[in-house]
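This report concerns only the one structure given below.
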Amino acid sequence: MPNYNTQNPPYSIFPGDVALAFNSEAPAAGQASQQFALPSYAGFPENGRTVRWQTIFGTAPSAISVALQSAMIDADAQYSTIDTSIVTAGEARSISGVRCNFLRAKITSITGGSGITVQVLG
């Protein structure tokens with residue numbers, strides 16, 4: 001079940017911003033975070049942008065799969081996975097060539113752990 005924000009438009013991530021998709025929470029498997037808009041700006045490269053994201057755990061899970069998802073249209077069915085983290089100690093990841101208008105994190109599966117934080121860096 002997505003944690004969609006009722007704000008229209010949703011919060012935006014600009015270069016240099018840090019957005020908390022999950023902030024020391026306890027999401028269940030299948031739960032998506034709030035969505036974030038990636039606004040276009042002057043000089044936006046034709047080949048997409050680089051998105052950095054990080055998983056942090058208060059108590060490490062014994063198994064986890066966190067997906068970073070993107071969409072051109074902000075509708076649950078439009079989101080597709082562009083990167084996945086399965087490292088139980090947490091990690092920082094980077095993905096290049098991202099072309100989308102919206103990003104979110106989704107907990108695909110989780111066993112144990114607590115204090116789940118997912119940061120998206122604009």
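Rolling a 1.4 Å probe over the protein heavy atoms of region 19-122, with every protein chain left in place, gives an accessible area that is 50 percent carbon and sulfur. DSSP finds beta bridges in region 12-92, and of those with both partners inside it, around 90 percent are antiparallel. Applying D = kT/(6 pi eta Rh) to the chain, where Rh is the Kirkwood radius over alpha-carbon pairs, T corresponds to 25 °C and eta to 0.890 mPa s, the Stokes-Einstein value obtained is 170 µm²/s.
Semi-axes of the equivalent ellipsoid of region 73-122: what are they in whole Å, largest first, if each equals the square root of 5 times a C-alpha gyration tensor eigenvalue? Square roots of five times the eigenvalues give 22, 14, 10 Å.
Structural descriptor for the chain: relative contact order 41 percent, calculated from alpha carbon pairs under 8 angstrom and at least 6 residues apart.
The values are calculated or read from the model by the stated rules, or taken from the named source; none is laboratory data. None of these values were measured; they are calculated from a predicted model. Each accessible area value is taken on the protein alone, full model and side chains, heavy atoms only, with ligands, DNA and RNA left out. Shrake-Rupley method; radii C 1.70, N 1.55, O 1.52, S 1.80 Å.
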